[in-house]
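Below you'll find the structure, written out as structure tokens, and then a few comments.
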Amino acid sequence: AIRDGKEAVAYARTACTLTDWKNADYLDTLAASLAEAGEFAEAVRWEEEAIALSDGPKDAMRERLARFKQGEPVRRP
């Protein structure tokens, strides 16, 4: 009831814009927000970009990517 994917997408896009679309964590957040809003193709696109930019561990990102490809959002309890 408190999730608002569209609003989350707007905030995530702002964060990405402010960092010139070069911050892997913000791109990852954008992907999760897009998935929550039901925009799975875009979520896949940005999660792939986040993985490419990330210089840290990528296992969790790859797991999210697989879920987005299956049409599933990622929700934390």
>> Name the residue that is nearest to the chain's Cα centre (by Cα), counting only residues in the stretch 1-18 that are within 16 Å of ALA50 (Cβ to Cβ) and of a type in the set (Gly, Ala, Ser).
In response: ALA12
>> Show me the helices (runs of 4 or more DSSP H) found entirely inside the stretch 13-77 where at least 2 residues are modelled with pLDDT of 95 or more and farther than 23 Å from ILE2 by Cα.
In response: 40-53, 59-69
>> Suppose we keep only residues that are touching a Ser or Thr at 6+ places or on another chain (Cβ under 8 Å) and either within 17 Å of VAL44 (Cα to Cα) or part of a loop (DSSP other than H, G, I, E, B) (or both) within the stretch 1-12. Which one would you say is modelled with the lowest pLDDT?
In response: GLY5
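The values are calculated or read from the model by the stated rules, or taken from the named source; none is laboratory data. Note that the structure is a prediction, hence the values are computed from the model and not measured. So basically every Cβ, Gly included, is an ideal-geometry build from the backbone, and we count neighbours across all protein chains shown.
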